[in-house]
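Asks: Sending over a structure as structure tokens; questions will come in a sec.
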Amino acid sequence: MDTYKYWLIACVAFVILEILPPPTHFFFVCMAFGALGASIAALFSTWTWLPWAVFAVMSVALTPLMIPLAKFLFTPKPHASNVDALIGKKALVTEPIGPMAPGVVKIHGESWRAVSEQAHFEKNQWVEIEKVEGASVIIKETP
């Protein structure tokens, strides 16, 4: 069997190792690319040391490039959920609201009790959700 075929088998083995748990975050992918490069070098070269050199250089060179990619892909991204997702959204006033007089706003088709800390808002006026306290939203003027 030719040498390049052994390197291709090694490449496939590294890909399988990457797929199996526990996650290695692309370490074996670097090795797989190194083995693929070594296979190409073995196919076109008669020197026995060249595929090993290509494998070592490619594997080592790709590892620092893959670490930031793995961190980007596998770090959970924070996102607002539930009532926290309402903050900053636009709402339509359905009942007038004053500083000490709560009213009602409609957000994405849902009616919410709304309170304003300073301003008066009339019916059919657009406002922005500033924060959520209990079952009420605190609103402010839209910028």
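Asks: Would you point out the residue of segment 84-109, among those that are touching a residue at least 40 places away in the same chain (Cβ under 8 Å) and open to solvent by 60 Å² or more (accessible area, probe 1.4 Å), that is nearest to the chain's Cα centre (by Cα)?
Replies: Asp84
Asks: Right, Leu65: open to solvent by less than 40 Å² (accessible area, probe 1.4 Å) and on the phi < 0 side of the Ramachandran plot or not?
Replies: Criteria not met by Leu65.
Asks: Just checking, how many residues over segment 42-58 are surrounded by 21 or more Cβ atoms within 10 Å (Cβ to Cβ) and either of a type in the set (S, T, N, Q) or touching a Pro at 6+ places or on another chain (Cβ under 6 Å) (or both)?
Replies: Here the count works out to 1.
Asks: Related question: Phe26 fails exactly one of the following numbered conditions: (1) open to solvent by 80 Å² or more (accessible area, probe 1.4 Å); (2) in contact with a helix residue (DSSP H, G or I) (Cβ under 9 Å, 6 or more places away or on another chain); (3) farther than 30 Å from Lys131 by Cα. What is the number of that condition?
Replies: (1)
Asks: Quick one: what pairs do we get from segment 45-59, first residue farther than 19 Å from Ala32 by Cβ, second open to solvent by less than 40 Å² (accessible area, probe 1.4 Å) and part of a helix (DSSP H, G or I), C-beta under 8 Å, 6+ apart or different chains?
Replies: As it stands, the answer is Ser45/Pro51, since those pairs meet every condition given.
The values are calculated or read from the model by the stated rules, or taken from the named source; none is laboratory data. Keep in mind the model is a prediction, meaning the values are calculated, not measured. Here Cβ is always computed from backbone atoms with ideal geometry, including for glycine, and neighbour counts include all displayed protein chains. The area values use the complete protein model at the heavy-atom level, side chains included, leaving out ligands, DNA and RNA. Shrake-Rupley method; radii C 1.70, N 1.55, O 1.52, S 1.80 Å.
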